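Below is one structure, written out as structure tokens; the observations come after it.
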Amino acid sequence: MRDQPSGKDLLDIARDVLRDDLIPALPDDKRYPALMIANAMAIVMRQIEAGEEGSIEEQKILSDLLREDGSLEHLNATLASRIREGRADGVEIWQALRGVAAGKVGESNPRYLNV
Amino acid sequence: MGLDAATITDGLTDYLSERTGGEVAVSGVHKLSGGAIQENWALDVVMQQGDWAGEHHLVLRCDAASAVATSHSRADEFALLKAAHDAGVIVPMPCILCDDERVLGRRFFLMHRVGGIAAGHKLARLTDISGLAGELGENLAHIHSLKPPHEDLAFLGEPPDNPSTAAIAMYRGYLDELDVAHPVIEWGLRWLETNAPAPSDVVLCHRDYRTGNYMVEDGHLSAVLDWEFAGWSDPLEDIGWLCAKCWRFGANDREAGGIGSREDFYAGYEAASGRTIDRDSVYFWEVMAHVRWAVIACQQAARHVSGEERSLELALTAHVVPELELEILNMTEPLNA
């Protein structure tokens, strides 16, 4: 069993130090890379928290939609080519895609969901 | 090999002395921030002889260590700047092009240094910029006054008969080169295919005319930068790119690039161009803008993931894709949803 604090907690406190202590003390031209680091850490924290649930959900949605089994890569490739061929442009496709996209935004930039 | 200030100072001093036949002093060489594709160096030059005798505040522009294949060479960019300058576009005045790689190890050109700020997140927070949207419209009209064929811009190739269908085919080709499929971007491309307006006109388009790629000084446009993606296209492509939500830097209520109102931008453009902007078609090109940025972001991410160019900035660009995809879907909701 791993010792506490968890990886997510470590990232969390490390990010606080970066943001509160280091970034304000940096010269202007180093602030942007530091902000990028803070952003990368936040994305990783949200990914750790979400685990693999998003991918499992995506696989289920796509599998139901396409009435096919297979890896997520395979399902996405199948859906992509059907869309390109004009064989998948109904409402149910749009709704499925939107659900998956919103889930990904929840990890990459959750603030965007409220814009 | 990386360039440094000493190499530039020495190389440029010799090169300009030779070209002007007199004493030249180069000073204050320092690298400017930004530019994944190009490097920009600020420097000052004092020349004793020739047509440019006197002191000049310049920028040296050259390829970065890794350049992308789809962007123009420095020679082409220099030609674009000259053509734009002659057409009345506010650009940094181009000075001299050096194609001889022996001078600095890469090709470069010099242009006048312009004051102001370009950073999108700063411009989107400024309040005293009421004339800026109109100025951006007016300048875009000047860019669009350049039409094919154009002797000095032959490197741009043949103008497409239908810029939107050409763009759709190109982005599908780019997606096919990636390792993973992108159903949402495909959805966007399919929507574009079935909703394409008739082509309006083909003119010189900047193709990266957005906040972040121009300079503002004292509230006014001081230079249009970053010409490396310019090409023949539908003028509405540039208008859609500037107004697209993905380039507003969070200032969503200022629909013209996060800096002003859409109608002020349109009014500046229409007055200077004599064209009337087809509002419905702009929507199409705004969807195209999100699709294009999503495709480019996927390509940039792939450059990092493949190990071709390890970079935190490229890596983070991958995580912009989901919000672009969400926006593509929001803009293309089927009527019966």
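Any read-out appearing in this document is the output of simple, stated calculations on the displayed coordinates, not a laboratory observation. What you see is a predicted model, and the numbers here were worked out from it, not measured in a lab. Quick reminder, even Gly has a Cβ in these numbers, built from the backbone with ideal geometry, and neighbours come from all protein chains shown.
What the table below lists for this structure:
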read-out: Estimated inter-spin distance, A:Leu113 and A:Arg2, nm [label 7 Å along Cα→Cβ]; value: 2.4
read-out: Förster radius 22 Å - calculated FRET efficiency between B:His112 and B:Phe155, Cβ distance, rounded to 0.05; value: 0.40
read-out: Filtered trypsin sites (Lys or Arg not before Pro), the stretch B:105-170: DSSP coil and at most 16 other beta carbons within 10 Å; value: B:Arg106, B:Arg125
read-out: Order of B:Thr127, B:Thr165 - criterion: other Cβ atoms within 10 Å of each residue's Cβ, fewest first; value: B:Thr127, B:Thr165
read-out: Cβ-derived FRET efficiency at R0 30 Å, B:Ser311 paired with B:Asp176, nearest 0.05; value: 0.80
read-out: Charge-dipole axis of chain A as Lys and Arg at +1 and Asp and Glu at -1 on Cβ define it, positive-most pick from A:Trp94, A:Ser63, A:Leu35; value: A:Trp94
read-out: Shielding by partners - mean other protein chain Cβ count within 10 Å, residues of A:102-113; value: 4
read-out: Chain B - percent relative contact order, Cα under 8 Å, separation 6 or more; value: 16
read-out: 10 Å Cβ neighbours from other chains, averaged over peptide B:310-319; value: 3
read-out: Net charge dipole size for the stretch B:120-336 [Lys, Arg +1 and Asp, Glu -1 on Cβ; Debye, nearest 20]; value: 360
read-out: Inter-label distance, nm, simple model (7 Å from Cα along the C-beta direction), B:Asn252/B:Trp52; value: 4.7
read-out: Rounded if a/c under 1.5, otherwise prolate or oblate - the stretch B:168-319, Cα gyration tensor axes; value: oblate
read-out: 17 Å cut-off, amide nitrogen to a point 7 angstrom out along B:Glu263 Cα→Cβ, residues in the stretch B:112-144; value: B:130-135, B:137
read-out: DSSP-assigned coil residues among GluC sites (Glu not before Pro) in the stretch A:1-100, each with at most 16 further Cβ atoms within 10 Å; value: A:Glu52, A:Glu68, A:Glu85
read-out: Cα gyration tensor shape of the stretch A:7-50, rounded if a/c is under 1.5, else prolate or oblate by comparing a/b with b/c; value: oblate
read-out: Cβ neighbours within 10 Å from other chains - mean over B:325-335; value: 5
read-out: Within the protein assembly as shown: Cβ-based charge dipole about Cα centre, in debye rounded to nearest 20 (Lys, Arg +1; Asp, Glu -1); value: 460
read-out: Burial order of peptide ranges A:27-36, B:273-282, B:245-254 (average beta-carbon count within 10 Å, highest first); value: B:245-254, B:273-282, A:27-36
read-out: Sorted by Cβ neighbour density within 10 Å, fewest at the top, the residues B:Cys62, B:Cys95; value: B:Cys95, B:Cys62
read-out: FRET efficiency for B:Ala271 and B:His85, using Cβ-Cβ distance with R0 set to 25 Å, rounded to 0.05; value: 0.75
read-out: Computed magnitude of the charge dipole of the stretch A:7-50 (debye, nearest 20; Cβ of K, R +1, Cβ of D, E -1); value: 140
read-out: Inter-label distance, nm, simple model (7 Å from Cα along the C-beta direction), B:Ser33/B:Arg102; value: 3.9
